[in-house]
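J.: Got a structure for you, written out below as structure tokens; questions coming shortly.
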Amino acid sequence: MLDEKKDGFRKALREINNLPTLPGIVSKLTKMAEDPDTTTEQMGKVISKDHILAAKLLKLVNSAFYGFPQRISSLDSAIILLGFNVIKSLIISASIFEFMEEQDVELWEHSLGCAVVCSVLAKRLGVSDPEEVSTAGLIHDIGKVAIKMELPKENEMIGQLVTERQISRYEAEQEVLGLQHAEVGGWLAKSWNLPGKLVEPISCHHDPRLAKNEQLASAIVHFSDIVIRGLGYGHADDIWVPPLSQRAWRLLDISPEDLDQVLDEIEEKLWDVKGFSLEIQANTDGAVTS
Amino acid sequence: MARILVVGNGDLISADCRVVLEAKGYQLIFCSELSAAVGVILEDPPDLLIVERGFKGDSDLRLVKVAGSCLQKAFMPILLVVHDSMLPLDWSLFPVDDILRIPFSPEVLLTRLQLAESRMVRLFDNNPLSKLPGNTSIIKAITRVLDSGDRYGVCYVDIDNFKPYNDRYGFSQGDEVILMVARLIVNTVEEIARDGSFVGHVGGDDFVFVVKRDMVDQVCRKILSNFSVVRNIFISPEDLKVGAFIGQDRLGRDTKFELLSISIAVVCTEDNNFKHYGEVSASASQLKSFVKKKSGNNYMIDRRGSYHPVSIPRSDNKDHS
């Protein structure tokens, strides 16, 4: 891979400023914003179920203008600090997928599912701020959206490689771009001034050995990504379940009995998420036909 | 140099105007979509906004409202570009600062922009950190509610243990805490009690907000509970573990301080029959010394000389399930 070409990709990806969201989510939030009885918390709950809006919210609250650079990693706090009016404006500024494909919905479901698994695991492992890990899980694949939007041609080539050669998306990205979505997501998070506690788990979710300060959070996101793929919940544009890092597995130190319990808890929580997903997709169909 | 966001159709600013403005060092950003324009205002707010009346249906109105509703940016002058045929307009619906009549020459445009900028500087009574109105506006706001004869609560907020916190964590993090509290107050007041309300920054860690009497409890509770959600972000893991920190008191002796909390002293206007704002602030400082003696997040309402303290249970262990 020519370094020059790779630098070109990097440059294109770095300049991204508006990633598209699912129309169903935006139309739900628009309706909520128009209702005078809607509270900030209610809107926050919906935003915390969307990887793109959650990333935008964190980008905003950590921007130099709002005055808390690299400080805010929790969506609850971001919502309290930004307030109802800014959140409403964020919804107006949201861009929507022009042509939404099934993959976009799948990736969204995968992200949301991953956040659920992260939250269950983080609580079980006694992490001091489980919400933070769950947020990292929600936005861990943001690099995939960026690649799709900024490099559509290359993204198609990656898709073809995956089907033709039956390789993982990660490998195909490496071959076509010389970089992969975890790295891309990590840069984006960093350039948006997000705290290191979110940046590392995103950039290291395929190779948690690379994590320096956030080893446990990175291991949790890594393992959750695998669990949610294994459960067949949203395919994240990949035909394979990613390989498990031995070191991450040792770090998590979960016994098979514990794992059974964790899986039961996850399955239960995923029911709620599935309900929400159906609602959003119904909303989307309505938005397209109307 | 000043950045100007121009929102409307492509030919809103003529090539001549553009050359003149850019020669004067203005940086122009053009948007023809509402969502993109809102994005710029949110993420990288300009110093001035020029909007075309009637652009994309009611997009002009929606944009002006967004700019006005994000309170921290309420000091961005907004110029509305209009045809004479569109006048008169209902200015209560259009919170703009000036109009530009089509056609306009580069000289007129430049003069209007410079005038808008200098007017902003002149009217600026705001705290440079929080951008909230300062003392002159606070006195005006309190006088207004006293004159109205309606029942209002004048609420004095301050941050407990702020001085030792500043010594320990440094000024820049102290500033972040002040900014955080400013946002909490503004956002809560805007959400629950917008009508007739006011938020001001006395200076340092002291704030004042004014809301209708029947909203006082709800607003105070919400500010205190939101504070307990956000506060821990600004405290180191070591101090959180101990739940306190060692600092030096005013005499330089080592003292154990509790982590940051908020106290609110509320004075009710009608109940006390105040005539002058000085009586309000005197009554408040007396009340403040009571509420600050209690540990943790508290607010206290003064009803005709009798104090009613309310403590808010601390929620240090966050559970979002």
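J.: What number does chain A give for Rg over Rh if you use C-alpha atoms and the Kirkwood radius?
T.: Ratio of gyration radius to Kirkwood radius for chain A: 0.95.
J.: A further question on this structure: Does anything in region B:102-121 have its amide N under 15 Å from the 7 Å Cα→Cβ label point of B:ARG18, and if so which residues?
T.: Backbone N within reach: B:106.
J.: Additional query: Peptide A:141-148: average number of partner chain Cβ atoms within 10 Å per residue?
T.: Averaged over the peptide's residues, the number is 0.
J.: Then there's this: Other chains near B:217-227: what is the mean number of their Cβ atoms within 10 Å of each residue's Cβ?
T.: The mean count of partner-chain Cβ atoms within 10 Å per residue comes to 1.
J.: Where both residues lie in region B:135-320, what percent of DSSP beta bridges are antiparallel, nearest 5?
T.: 85
J.: Okay, next question. Out of the DSSP beta bridges found with both residues in the protein assembly as shown, what percent are antiparallel (nearest 5)?
T.: 60
J.: Now a separate question. Per DSSP H run of n ≥ 4, the term is -39500 (n - 2.57); total these for chain A, divide by its residue number, and report the mean residue ellipticity at 222 nm rounded to 500 deg cm²/dmol.
T.: It lands at -22500 deg cm²/dmol.
J.: Rounded to the nearest 5, what % of DSSP beta bridges with both residues in chain B are antiparallel?
T.: Expressed as a percentage, antiparallel bridges in chain B total about 60.
J.: To one decimal place, what orientation-averaged projected area in nm² is obtained for the convex hull of the Cα set of region A:10-109?
T.: Approximately 7.0 nm², given one-decimal rounding.
J.: Let me ask something else. Note down the nm distance, to one decimal, between modelled labels 7 Å out along Cα→Cβ at B:SER236 and at B:MET1.
T.: Distance between the two pseudo-spin positions: 4.5 nm.
J.: What does region B:6-145 give for Rg and for Dmax, in Å, if only its C-alpha atoms count?
T.: 15.8, 50
J.: If each residue of separation counts as 0.36 nm, what is the full-extension length gain between B:TRP91 and B:SER32 once their alpha-carbon separation is subtracted?
T.: Full extension from B:TRP91 to B:SER32 adds 18.9 nm.
J.: On a C-alpha basis, how far is the centre of region B:8-67 from the centre of region B:87-144 in Å? Whole number, if you could?
T.: 17
J.: Defining a contact as two alpha carbons under 8 Å apart and six or more residues distant in sequence, what relative contact order in percent does chain A show?
T.: Across chain A, relative contact order equals 24 percent.
J.: Work out Dmax and Rg for region B:168-292 from the C-alpha atoms and quote the Rg first, both in angstrom.
T.: Cα only, region B:168-292: 16.4, 49 Å (Rg, Dmax).
J.: For the protein assembly as shown, what are the per-bin percents of Cα-Cα distances with bins 10 Å wide, up to the bin holding the maximum?
T.: It works out to 3, 15, 23, 24, 20, 11, 4, 1, 0, in whole percents.
J.: Now a separate question. What does the helix-only formula give at 222 nm for chain B: each DSSP H stretch with n ≥ 4 adding -39500 (n - 2.57), the total divided by the residues, and the result rounded to the nearest 500 deg cm²/dmol?
T.: -13000 deg cm²/dmol
J.: Which three lengths, in whole Å and largest first, does region A:190-290 cover when its Cα atoms are put on their principal axes?
T.: Extents along the principal axes: 50, 41, 24 Å.
J.: Still on this structure: Please identify the chymotrypsin sites (Phe, Trp or Tyr not before Pro) of region A:49-131 that satisfy two criteria: DSSP loop assignment and at most 14 other Cβ atoms within 10 Å. Which are they?
T.: Passing sites in region A:49-131 are A:PHE99.
J.: Across the Cα atoms of chain B, what radius of gyration and what greatest pairwise Cα-Cα distance (Dmax) are found, in Å?
T.: 23.2, 72
J.: Given labels modelled 7 Å from the Cα in the Cβ direction, how far is it in nm from B:ARG194 to B:PHE290?
T.: If labels sit at B:ARG194 and B:PHE290, their model points lie 3.4 nm apart.
J.: Compute the length gained on full extension between B:LEU129 and B:SER172: take 0.36 nm times their separation in residues and subtract their Cα-Cα distance, giving the result in nm to one decimal.
T.: Contour length minus Cα-Cα distance gives 14.4 nm.
J.: Sticking with this structure for a sec: Express the relative contact order of region B:233-300 as a whole percentage, based on alpha carbon pairs under 8 Å and six or more residues apart in sequence.
T.: 30
J.: Kirkwood Rh over Cα pairs of region B:1-56 into Stokes-Einstein at 20 °C, 1.002 mPa s: D in µm²/s?
T.: Value of D from the Cα-based Kirkwood radius: 186 µm²/s.
J.: Compute the FRET efficiency between A:LYS45 and A:LEU259 as 1/(1 + (r/R0)^6), taking r as their Cβ-Cβ distance and R0 = 30 Å, and round to the nearest 0.05.
T.: FRET efficiency, A:LYS45 to A:LEU259: 0.55.
J.: Checking the table A:LYS59/B:LYS131; A:LYS274/B:LYS241; A:LYS190/B:LYS56; A:LYS148/B:LYS65 against a 30 Å threshold on Cα-Cα, which pairs fail?
T.: Table pairs above 30 Å Cα-Cα are A:LYS274/B:LYS241; A:LYS190/B:LYS56; A:LYS148/B:LYS65.
J.: Another question, then. How big is the gap, in Å, between the Cα center of region A:157-223 and the Cα center of region A:72-108?
T.: Value for the Cα centre distance between the two parts: 21 Å.
J.: Going through region A:1-51, which GluC sites (Glu not before Pro) have at most 15 other Cβ atoms within 10 Å and a DSSP loop state?
T.: Within region A:1-51, the qualifying GluC sites (Glu not before Pro) (loop, at most 15 other Cβ atoms within 10 Å) are A:GLU15.
J.: Given labels modelled 7 Å from the Cα in the Cβ direction, how far is it in nm from B:ILE139 to A:PHE99?
T.: Going from the B:ILE139 label point to the A:PHE99 one covers 6.5 nm.
Taken together, the values in this text are just the output of simple stated rules run on the coordinates, not laboratory data. Just so we're clear, the structure is a prediction, and the values are computed from it rather than from any experiment. Don't worry about glycine lacking a Cβ; one is built from the backbone with ideal geometry, like all the others, and counts go over all protein chains shown.
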